[in-house]
Amino acid sequence: MVKENTNTPKHIAIIMDGNGRWAKNKGLSRDQGHKEGKESAKEIVKTCAKIGVKNLTLFAFSTENWKRPKLEVDLLMSLLHNSLMSELKELKKNNIRLTIIGDISKIPIVISKLLKKICDETKDNNLMTLTLALSYGSRNEIINSVKNIADKVKNNIISVEKIDQSLINQHLYTRDLPDVDLMIRTSGEKRISNFLLWQSAYAELHFSDELWPDFKSEHLMSAITDYQNRERRFGKTSEQIT
Ligand code: IPE
Ligand code: IPE
Ligand code: MG
């Protein structure tokens, strides 16, 4: 049983993996897998908001995913475009704020404009922050952060001594988000694939064998129960925690 509101993770990050294999298993095209994956994303967003998760970050497209066949990339972009158009109403109705992390300059301009509009129109919503990681890669994010900080040091805006964890945090795309408490990856793969490396330094990891289109609220609940039964020690001893 999930203990609602007690020890609910403040920030859940999900690597939504397995759309292609789901489709293959059913003799369908990869496109169908991505379409079905969108349905899981919709359900998980709703459930997280309902149970009091304040921050949900979904890995929708990685910097490495640009290397996929152009046809698949185009399809993923058009799926994203359609879902954004149809989901704006839902986000507003459910008091959810949308934010984006990643290198948006690579995303087709019609989509980036729409993203900006939706982020603007939902910026005052405060039930939950939904962050979409699009054209996102943690290493790129860290490189950007280092460049920005180096620039400030060069221009005497900050001194080298001021560089600490909090300063680096402030220069990441995720500057407004808390650290990840629970990171979930579906499809049985046990890797992080360049997702929120800095922010997940002390996240609890949950690997589900479900392929993303099959991952529904009950699987999310069991991931949260698993999280709630862990002891997060942050380097301390068990005795210090209790
Ligand atoms: C995740 O499913 C969606 C994206 C990475 C965009 P995949 O497309 O990676 O599915 P598999 O891993 O091939 O099954
Ligand atoms: C990770 O999935 C990226 C997203 C879920 C968007 P991939 O399927 O691209 O990951 P790898 O390459 O197999 O690790
Ligand atoms: Mg995959």
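The values are calculated or read from the model by the stated rules, or taken from the named source; none is laboratory data. This is a predicted model, so every value here is computed, not measured. Using ideal geometry, Cβ is built from the backbone for each residue, glycine included, and neighbour counts are taken over all protein chains shown. These area figures cover heavy atoms from the full protein model, side chains too; ligands, DNA and RNA do not enter into them. Shrake-Rupley method; radii C 1.70, N 1.55, O 1.52, S 1.80 Å.
Put simply, the convex hull of the Cα atoms in segment 1-88 casts, on average, a shadow of 7.1 nm². Think of a 1.4 Å ball rolled over the protein heavy atoms: segment 129-219 then has 52 Å² of accessible area per residue.
Using only alpha-carbon positions in segment 135-242, the gyration tensor eigenvalues give semi-axes of 33, 20, 10 Å once each is multiplied by 5 and square-rooted (largest first).
Here's the list of aspartates and glutamates a cross-link from K70 could span, going by alpha-carbon distance under 14 Å and ignoring same-chain residues fewer than 8 apart: D31.
The residues packed around W198, meaning those with a beta-carbon under 11 Å from its beta-carbon, carry a net charge of -1 if Lys and Arg are +1 and Asp and Glu are -1.
Ratio of alpha-carbon Rg to the 2.2 N^0.38 Å globular estimate for the chain, to two decimals, please. Present the calculation step by step, with values, prior to reporting the outcome.
Numbers: Rg = 18.5 Å, N = 242, 2.2 N^0.38 = 17.7 Å.
Dividing the Cα Rg of the chain by 2.2 N^0.38 Å gives 1.04.
Annotation: aspartates and glutamates with alpha-carbon distance below 18 angstrom to K10 (same-chain offsets under eight excluded): D176, D179, D181, E204, D226, E231. For the residue pairs K54/K113; K26/K93; K93/K113, alpha carbon separations beyond 31 Å are given by K26/K93.
Peptides 129-135, 32-38, 103-109: what's the order by average Cβ count within 10 Å, highest mean first?
Working: 129-135: 23.4, 32-38: 20.6, 103-109: 13.4.
Those peptides, ordered most packed to least, come out 129-135, 32-38, 103-109.
Roughly speaking, to the nearest percent, how much of the chain's 1.4 Å accessible area is carbon and sulfur?
Carbon-and-sulfur percentage of accessible area, whole number: 52.
If you take every DSSP beta bridge fully contained in segment 89-242, what fraction is antiparallel? Give it as a percent rounded to 5. Before the final figure, lay out the partial values.
Working: 0 of 10 bridges.
Among the beta bridges of segment 89-242, antiparallel pairing accounts for roughly 0 percent.
Taking amide H as placed 1.01 Å from N in the peptide plane, the amide H of S62 sits under 5 Å from that of S135, Y136, each at least 5 places away or on another chain.
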